[in-house]
2 protein chains.
Amino acid sequence: MKVEYINPFIEASLEVISQTTNMKPTIGKVFVKNNSYNGDGVVIFIGLTGKINGNVVLSLSKNLALNIASAMMGGMPVIELDEISKSAIAELANMILGNTASIFYKNGIGIDITPPTVLTGENINLTPTKSVTVCIPLNFQGGESLEIDVSYQEN
Amino acid sequence: MKVEYINPFIEASLEVISQTTNMKPTIGKVFVKNNSYNGDGVVIFIGLTGKINGNVVLSLSKNLALNIASAMMGGMPVIELDEISKSAIAELANMILGNTASIFYKNGIGIDITPPTVLTGENINLTPTKSVTVCIPLNFQGGESLEIDVSYQEN
């Protein structure tokens, strides 16, 4: 795991979440995952190409997704994960990854990102192939976490 | 929907599936999807960047996935969607998209692809954002289909 490949994700996520939601999550212990994602939560999927080829999976509980969507919409109550709240969460992921790509670019590393896809379901299992997965946990007040899983190979 | 953006996916998928499995699916009616993917099947997810920015979702039943994995492994019986059979299906998707990217390249359209991710679960709902989705159904003998959903925006 190269620190210079992980730090931009951390820096961008803290910055974007703070700006868009006014929430101040803290970074938990970053670790290498051997297992794939398993869960019933909300998953946002974004692909990476360029110097770093892989995928980013942001996963969080439905409850935290609703709280974040509400905060992004100026505190408007959000009680259901409908098209509008999914769109808000997707836009958050898009902004985090766009900001991450800008930081990489400043560091001389060119990456491109795909548009986000929002995934919900039960017993979701995601198996990335041909890559190592680094998990960056963002811990929110109240004990909930948003995990950013970065699966990549270096080109 | 631009035909020149869809034909490479059709050409590549027929070619790769025929070569790797000896199966001869036929192309069904290509259509624009307004709804997102909903199902309990096996989904392989690959991102696209470059001239075409988006995501490709290959979806098929578990049964068809097992049959394809078996055919890819020389007819060895495959009764469970384990790491090996998931890896075979992911490799099929990777080859189809790699071949698709080569055809685009020959046509002067540069695209990059991400590594595949295999997704399983129940009541899976995939909502692509900011894009149109074109569905290419590949119909296999026995009545089962593999659907290739291409969600993209043009850059």
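The values are calculated or read from the model by the stated rules, or taken from the named source; none is laboratory data. Just so it is clear, the structure is predicted and the values come from calculations on it, not from any experiment. Reconstructed Cβ throughout: ideal geometry from the backbone, glycine too, with neighbour counts over all protein chains shown. What goes into the accessible areas is simple: the full protein's heavy atoms, side chains included, and nothing from ligands, DNA or RNA. Shrake-Rupley method; radii C 1.70, N 1.55, O 1.52, S 1.80 Å.
Test A:Ile124 against the stated conditions and say whether it is β-branched (Val, Ile, Thr) and over 16 Å from the mean Cα position of the chain (by Cα). Spelling it out, A:Ile124 is indeed β-branched (Val, Ile, Thr) and over 16 Å from the mean Cα position of the chain (by Cα).
Conditions tested, residue by residue: (1) in a helix (DSSP H, G or I); (2) under 14 Å from B:Gly98 (Cα atoms).
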position	(1), (2)
B:Glu15	yes, yes
B:Ser18	yes, no
B:Val32	no, no
B:Asn35	no, no
B:Ile46	no, yes
B:Asn53	no, no
B:Ser59	no, no
B:Asn63	yes, no
B:Ile68	yes, no
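Among the residues of segment A:28-39, not a single one is over 29 Å from B:Gly121 (Cα atoms), exposed (fewer than 15 other Cβ atoms within 10 Å of the Cβ) and of a type in the set (D, E, K, R). Candidates B:Gly108, B:Gly98, B:Gly74: the one that is more than 11 Å from every other protein chain (Cβ to nearest Cβ), surrounded by fewer than 23 Cβ atoms within 10 Å (Cβ to Cβ) and closer than 17 Å to A:Asn55 by Cα is B:Gly98. When A:Ser13, A:Ser18 are checked against the criterion of being more than 14 Å from chain B (Cβ to nearest Cβ) and touching a Lys or Arg at 6+ places or on another chain (Cβ under 7 Å), A:Ser18 stands alone in meeting it.
Does A:Thr100 satisfy the condition of being at pLDDT 95 or above and not in a helix (DSSP H, G or I)?
It is false that A:Thr100 is at pLDDT 95 or above and not in a helix (DSSP H, G or I).
Restricting attention to segment B:21-65, the residues that are of a type in the set (D, E, K, R) and within 14 Å of another protein chain (Cβ to nearest Cβ) total 4. Checking segment A:46-57 against the condition returns a match, with at least one residue being modelled with pLDDT under 95 and open to solvent by 60 Å² or more (accessible area, probe 1.4 Å). Considered as a group, the residues in segment A:77-95 that are of a type in the set (S, T, N, Q) and open to solvent by less than 50 Å² (accessible area, probe 1.4 Å) include one that is farthest from the other protein chains (Cβ to nearest Cβ), and that residue is A:Ser85. Just so you know, in segment B:120-137 the residues that are open to solvent by less than 20 Å² (accessible area, probe 1.4 Å) and at the interface with another protein chain (Cβ under 7 Å from one of its Cβ atoms) include one that is farthest from A:Asp40 (Cα to Cα), and it is B:Thr127.
When residues in segment B:146-155 are screened for being buried (at least 19 other Cβ atoms within 10 Å of the Cβ) and either over 19 Å from A:Leu119 (Cβ atoms) or among the aliphatic types (A, V, I, L, M) (or both), 3 of them pass.
Being closer than 18 Å to B:Pro115 by Cα and surrounded by fewer than 17 Cβ atoms within 10 Å (Cβ to Cβ): is that true of A:Gly143 here? For A:Gly143, the condition - closer than 18 Å to B:Pro115 by Cα and surrounded by fewer than 17 Cβ atoms within 10 Å (Cβ to Cβ) - is not met.
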